[in-house]
Amino acid sequence: MYFGTATNQEQWNDTKYVDIMLEQFGSLTPANVQKWMFTEPEEGVFNYTAGDAFADFAAEHNQILLCDTLIWHQQYPSWLDQKNWTKDALLDVIDKHVYSEVSHFKDRCFSWNVVNEAFNEDGTFRESLFYNVTGTDYIATAFKAAARADPKAQLYYNDYNIEFPNNKSAAVENLVKSLQAQDAKIDAVGLQAHFIVNKTASEAQQQQQMQAYIDLGVQVVISELDVRFESLPPSEALLAQQTVDYEASIQACINVGKQCMGISVWDFVDTYSWVPTTFAGNGDACLWYSNYTTIPAFDGVVSVL
Ligand code: XIL
């Protein structure tokens, strides 16, 4: 089982940051550079320079490389929106993009997040460009292209708010069944686990949902864990609750056994967290504060591992 982090190259001139990353974590996920807008900025023009540098760094430091992400309704190149696609043409572009990128990184990625965030909260499909033009076909197309390009890579469907039983997690269970019925290889469901203190499902609920995916014949991973406060500074009570919430998902992963393959946080120091820029006023979501002291939950996390 790995315990890793997402990171960006821009942060690697911070030596304190890099020291902690290499000492404390066992897998790295590029937070940006493998996303479609960076790897195929113009149609058919592929750029893997930054992704290669990331992969080389991971290999040099014996870090498992978790690759992210092939098809997402955000951070895709603008040329995709500038054309009137037929269904066949867009499926072809998706196939070529996925096949090219996964082939390029073949044998270097332990896993790929193939499709990210395809669902709305109520379990209906998100009306992205991909869905609007191809219906649900883009999902199997992407998974099949990835499996063709690197048969050994673990292929994940990744999303948030699917860590506990609800309409969205039920929809993901149906997606897994549907991909299996189409003979598309899917190895695991990635649970993003971007949580809010005191609004996080219990360990029992998370374990139940992990088991529901596992019962379908796939594995699970916690892919982007962080537990944020909605306002700062937190009360003592909420600070204590952050430990409970961090421990809940980690313990649930441990409880289901090796079918939960690993855990990644979405960066580990608040300075570089996506949280404050995305959710105004929210913060302190990472295991290290910006001054590089650990949060109270850190010891709890270490104790359950
Ligand atoms: C975020 C990155 O961390 C940011 O740097 C970028 O500006 C936007 O994307 N869920 C995901 C990740 O699946 O890809 C997102 O990463 C965070 C939320």
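A short reminder: the numbers here are calculations on the coordinates, not readings from a lab. Fair warning: this is a prediction, and the values are worked out from it, not measured in the lab. Counting neighbours? That spans all protein chains shown, and the Cβs are built from the backbone with ideal geometry, glycine included.
Annotations for the structure displayed:
- Proportion of all alpha-carbon pairs of segment 1-94 beyond 14 Å (%): 69
- Using C-alpha pairs under 8 Å with a sequence gap of at least 6, the mean separation divided by the residue count of segment 23-165 gives a relative contact order of 26 percent.
- Part-to-part distance (alpha-carbon centres) for segment 169-190 and segment 6-39, which is given in Å: 29
- Across segment 284-291, computed HN-Hα scalar couplings (Karplus, 6.51 cos²θ - 1.76 cosθ + 1.60, θ = phi - 60°) run 6, 8, 9, 6, 10, 6, 4, 8 Hz from first to last residue, x flagging Gly and Pro.
- When each of LYS83/LYS177; LYS106/LYS185; LYS106/LYS258 is checked by Cα-Cα distance, pairs over 27 Å: LYS83/LYS177
- Each peptide in 251-258, 192-199 was scored by the mean count of other Cβ atoms within 10 Å over its residues; highest first, the order is 192-199, 251-258.
- Compactness check for the chain: Cα Rg over 2.2 N^0.38 Å is 0.96.
- Once backbone amide H atoms are built at 1.01 Å from N, PHE119 has ARG126 as its partners under 5 Å, excluding neighbours fewer than 5 places away on the same chain.
- Surface/4 estimate of mean projected area, convex hull on alpha-carbon atoms of segment 80-205, nm²: 8.7
- Over segment 187-305, volume per residue of the alpha carbon convex hull, in Å³: 96
- Amide hydrogen neighbours beyond the local backbone of PHE195, cut-off 5 Å, H modeled: ASP226, VAL227, ARG228
- Assuming charge only on the beta carbon of Lys and Arg (+1) and of Asp and Glu (-1), the dipole of the chain about its Cα centre is about 620 debye to the nearest 20.
- Cysteines in the chain that lack a partner Cβ within the 4.7 Å cut-off: CYS286.
- Whole-Hz couplings from phi, Karplus 6.51/-1.76/1.60, listed for segment 121-134; x for Gly and Pro: 4, 7, x, 7, 6, 5, 7, 7, 3, 4, 6, 4, 8, 10
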